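Here the structure is laid out as structure tokens; the discussion comes afterwards.
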Amino acid sequence: MSKLARPFFNLCGPVIERRAWRELEFAELTRAEKVMHFCENYCHVPEGALVGQLIVLADFQEDFIYSVYDNPHGTRNAYLSMARKNAKTATIAMLLLAHLVGPERRQNSQLVSGAMSREQAALVFGLAVKMINFSEKLSQYAYPALAARRIRALNNGSEYRALAADGSRAHGLSPYLAILDEVGQIIGPSSPFVEAITSSQGAYDDPLLIAISTSAPSDTDMFSLWVDDAEQSQDPHTVCHVYKADEDCDILDKDQWKKANPALGLFRSEKDLETQLEKALRIPSQEASSRNLLLNQRISSRSVWIAPSIWKENNRPVDETLFYKNIVNIGLDLSMRNDLTAAVLSTTDDDDFVHLMPFVFIPEAGIEDKQLRDKAPYVAWVKAGLLIKVPGRTIDYEWVATYLREKTREMVIGSLCFDRWGITAFKQACSFVDFDSVGEWQPVGQGYRDISPRLKAFETALLKGKIAHGNHPLLNMSVQNAISTTDPAGNIKLDKAASSLRIDPLVATVMSAFCCLDGKTETAFSVDRLIG
């Protein structure tokens, strides 16, 4: 069997050529083909428009089964990632039955499926039960215990259990096969529930762990770490197939829909997908979630503040000459001394467009470690002059103050807005270099009361297309990772603790731009953009 190009991102594992296996005798079938033969001859569509009909595997399902079961090295871990509503749960149910009573059955073995909630666990179990009930043959060999969410094999002593993270039955088992459903929902790098399942497979020399899920929203989440490790390590015992749209794609590009939805036109409705994505385009706050769930992109759905498409629409060139003609405002976010410090300048043109000029500083020592931690190309940005390295292991405020004094020497500074954290030390440094008398120093709290009107004014300017950010990568990085929270009164603030990467440049931007926007943003939002 040879390797062929496939429409998925084959991050790890063999790519096996599909054969016309349906035309072959059973004895001629490979291990993977016997699994597929079982699925198509014993498993019925459990629900939907084709309910009750025998299942016909899609190409992407065949690709995955071939890679897992005909892997010449043997497969220990297998990951399949695609957008929602592409029969992930039904695929899990079929594979479980193939191991319980089909060609992959083992005497007295334990099988489990794991889901993040009781409801999701019930879906996997429910589909498996429906497949059994539709098949007279399967009903002779598999007995579901509905109350316990278990299925017993009547001819080999094996048992399948559906487990949930919010339950308490993951310990004390020794499953040969564990299939995890929607582990992309796990926030953070680990899960005690998943660890309990994977560690319990140690009784076998050849256990199999399969994870089928939509992408996790963040690089630091557990499923993302698994997928990235598979790509980087190229472990021959790991299979990883990922279907996803291109990172910066147009949300209404139908070619991109197919990349993330391999079942599109088969058992994934194109009309439903189109309806949901069009709605997401009209409501900016829903775009990030839709890109994650419907296009399988790694974009946080946790109240991401600025929709990527809205930010992209404000990518117009910055006119630097304006900063030497008009009044300039500065926003300053000092952050920690060993992290990023940002000073963002803003000014306006004759058409009330706000132009931004960021200066972002990072300590020179340890920059390589910081770029690994933050998953950002800091070294390359320094070489390109986009990120400014400060000598030493920490941010030297006097050095930064001197730098800003020289850069703004020929400018007229109106206001310098700052987060109160660390400002006393910075003001002292400014006094040493004669930079403390520029403009009006304005403290800006980061709580709901002070920052909410500034965030809302900036939102409005973005929706009107009135920001010129010049596609600066430090601003792009902070926008992509800015997560907002809302209080009962509808006020918003940025949640630094929930953001996976640095958002300091954006915080400085919002404070600075408000001085240009205040009094010009009475209309909160464009109704047409929000509700279509």
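Could you check, for segment 341-352, whether at least one of its residues is surrounded by 22 or more Cβ atoms within 10 Å (Cβ to Cβ), touching a residue at least 60 places away in the same chain (Cβ under 8 Å), out of contact with any Ser or Thr (no Cβ under 9 Å at 6 or more places or on another chain) and assigned by TED's automatic domain parsing to the domain that holds Glu406?
Pass one, segment 341-352, residues surrounded by 22 or more Cβ atoms within 10 Å (Cβ to Cβ): 341-347.
Those left that are additionally touching a residue at least 60 places away in the same chain (Cβ under 8 Å): 341-347.
After this cut, where a residue has to be out of contact with any Ser or Thr (no Cβ under 9 Å at 6 or more places or on another chain) as well, the list is 347.
The next check asks that each one be assigned by TED's automatic domain parsing to the domain that holds Glu406; those that pass are 347.
Taking every residue of segment 341-352 in turn, at least one turns out to be surrounded by 22 or more Cβ atoms within 10 Å (Cβ to Cβ), touching a residue at least 60 places away in the same chain (Cβ under 8 Å), out of contact with any Ser or Thr (no Cβ under 9 Å at 6 or more places or on another chain) and assigned by TED's automatic domain parsing to the domain that holds Glu406.
Out of segment 452-494, which residues are on the phi > 0 side of the Ramachandran plot and of a type outside the set (S, T, N, Q)? It would help to see each step written out before you state the result.
In the first step, residues of segment 452-494 are kept if they are on the phi > 0 side of the Ramachandran plot; the result is 465, 470-471, 490.
Those that are on the phi > 0 side of the Ramachandran plot and of a type outside the set (S, T, N, Q): Gly465, Gly470, Gly490.
Which numbered condition in (1) loosely packed, with under 15 Cβ neighbours inside 10 Å; (2) over 15 Å from the mean Cα position of the chain (by Cα); (3) modelled with pLDDT under 90 is the only one that Ser191 fails?
(1)
Does segment 319-335 contain any residue that is within 30 Å of Gln256 (Cα to Cα) and not in a strand (DSSP E or B)? Give the derivation first.
Step one: filter segment 319-335 for residues within 30 Å of Gln256 (Cα to Cα), giving none.
No, segment 319-335 has no match at all.
Given the criterion closer than 14 Å to Phe514 by Cα, touching a residue at least 12 places away in the same chain (Cβ under 8 Å), assigned by TED's automatic domain parsing to the domain that holds Leu506 and crowded, with 21+ Cβ neighbours inside 10 Å, identify the matching residue among Lys456, Lys466. Full working, then the answer.
Working: Lys456 fails: crowded, with 21+ Cβ neighbours inside 10 Å.
The match here is Lys466.
Kindly indicate which of Ser215, Ser200 is hydroxyl-bearing (Ser, Thr, Tyr) and within 27 Å of Arg373 (Cβ to Cβ).
Every option except Ser215 fails the conditions.
Any residue at all in segment 192-208 that's touching a helix residue (DSSP H, G or I) at 6+ places or on another chain (Cβ under 6 Å) and more than 15 Å from Met116 (Cα to Cα)? Full working, then the answer.
Initially, segment 192-208 is screened for residues touching a helix residue (DSSP H, G or I) at 6+ places or on another chain (Cβ under 6 Å), giving 207.
Those left that are additionally more than 15 Å from Met116 (Cα to Cα): 207.
The answer is yes, given that some residue of segment 192-208 is touching a helix residue (DSSP H, G or I) at 6+ places or on another chain (Cβ under 6 Å) and more than 15 Å from Met116 (Cα to Cα).
Within the set of pairs 6 or more residues apart or between chains, which connect a residue that is of a type in the set (Phe, Trp, Tyr) inside segment 417-431 to a residue that is at pLDDT 90 or above with Cβ atoms less than 6 Å apart?
Phe418/Leu332; Phe426/Tyr397
Considering every residue within segment 117-125, establish whether at least one is of a type in the set (Ser, Thr, Tyr), crowded, with 22+ Cβ neighbours inside 10 Å and assigned by TED's automatic domain parsing to the domain that holds Arg76.
From segment 117-125, those of a type in the set (Ser, Thr, Tyr) are 117; that's our starting set.
Subsequent filtering for residues that are crowded, with 22+ Cβ neighbours inside 10 Å retains none.
No, every residue in segment 117-125 fails to be of a type in the set (Ser, Thr, Tyr), crowded, with 22+ Cβ neighbours inside 10 Å and assigned by TED's automatic domain parsing to the domain that holds Arg76.
Could you tell me whether segment 356-373 includes any residue that is surrounded by 15 or more Cβ atoms within 10 Å (Cβ to Cβ), at pLDDT below 90, in the same structural domain as Asp518 (by TED's automatic domain parsing) and not aliphatic (A, V, I, L, M)?
yes
Asn315 passes all but one of (1) within 16 Å of Phe458 (Cβ to Cβ); (2) at pLDDT 90 or above; (3) in contact with a Ser or Thr (Cβ under 6 Å, 6 or more places away or on another chain); which number fails?
(3)
Which ones in segment 127-146 are assigned to a helix (DSSP H, G or I), without any contact (Cβ under 8 Å) to a residue 40 or more places away in the chain and farther than 18 Å from Leu208 by Cβ?
Hits for segment 127-146 are Val129, Ile132, Asn133, Glu136, Ser139, Gln140.
Which residue, of Ser224, Ser191, Ser200, is out of contact with any Gly (no Cβ under 7 Å at 6 or more places or on another chain), over 19 Å from Leu80 (Cβ atoms) and among the polar types (S, T, N, Q)? It would help to see each step written out before you state the result.
Numbers: Ser224 fails: over 19 Å from Leu80 (Cβ atoms); Ser191 fails: over 19 Å from Leu80 (Cβ atoms).
Going through Ser224, Ser191, Ser200 in turn, the sole match is Ser200.
Residue-wise test of (1) touching an Asp or Glu at 6+ places or on another chain (Cβ under 7 Å); (2) among the acidic types (Asp, Glu).
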residue	(1), (2)
Thr347	no, no
Asp352	no, yes
Leu356	no, no
Ala365	no, no
Asp374	no, yes
Ile395	no, no
Val400	no, no
Asp419	yes, yes
Cys430	yes, no
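Within the group Ala27, Ala20, which residue is of a type in the set (A, V, I, L, M, F, W, C) and either more than 26 Å from Gly157 (Cα to Cα) or outside the structural domain of Ile212 (by TED's automatic domain parsing) (or both)?
Details: Ala27 fails: either more than 26 Å from Gly157 (Cα to Cα) or outside the structural domain of Ile212 (by TED's automatic domain parsing) (or both).
Of the residues listed, the single one that is of a type in the set (A, V, I, L, M, F, W, C) and either more than 26 Å from Gly157 (Cα to Cα) or outside the structural domain of Ile212 (by TED's automatic domain parsing) (or both) is Ala20.
With the requirement that a residue be closer than 23 Å to Ala87 by Cβ and at pLDDT 95 or above, what does segment 145-160 give you?
Once the filter is applied, which keeps residues that are closer than 23 Å to Ala87 by Cβ and at pLDDT 95 or above, segment 145-160 yields Ile151, Tyr160.
I'm checking my understanding of the structure. Among residues of segment 13-57 that are at pLDDT 95 or above and of a type in the set (Gly, Ala, Ser), which one is nearest to Ser81 (Cα to Cα)?
Out of the qualifying residues, it is Ala32.
Name the single residue, out of those in segment 148-162 being aliphatic (A, V, I, L, M) and under 35 Å from the mean Cα position of the chain (by Cα), that is nearest to Ser113 (Cα to Cα). Walk me through it before giving the result.
Initial filter on segment 148-162 (aliphatic (A, V, I, L, M)): 148, 151, 153-154, 162.
After this cut, where a residue has to be under 35 Å from the mean Cα position of the chain (by Cα) as well, the list is 148, 151, 162.
Values: Ala148: 14, Ile151: 12, Ala162: 5 Å.
Out of the qualifying residues, it is Ala162.
The values are calculated or read from the model by the stated rules, or taken from the named source; none is laboratory data. This is a predicted model, so every value here is computed, not measured. No Cβ is skipped: glycine too gets one built from the backbone with ideal geometry, and neighbour counts run over all protein chains shown.
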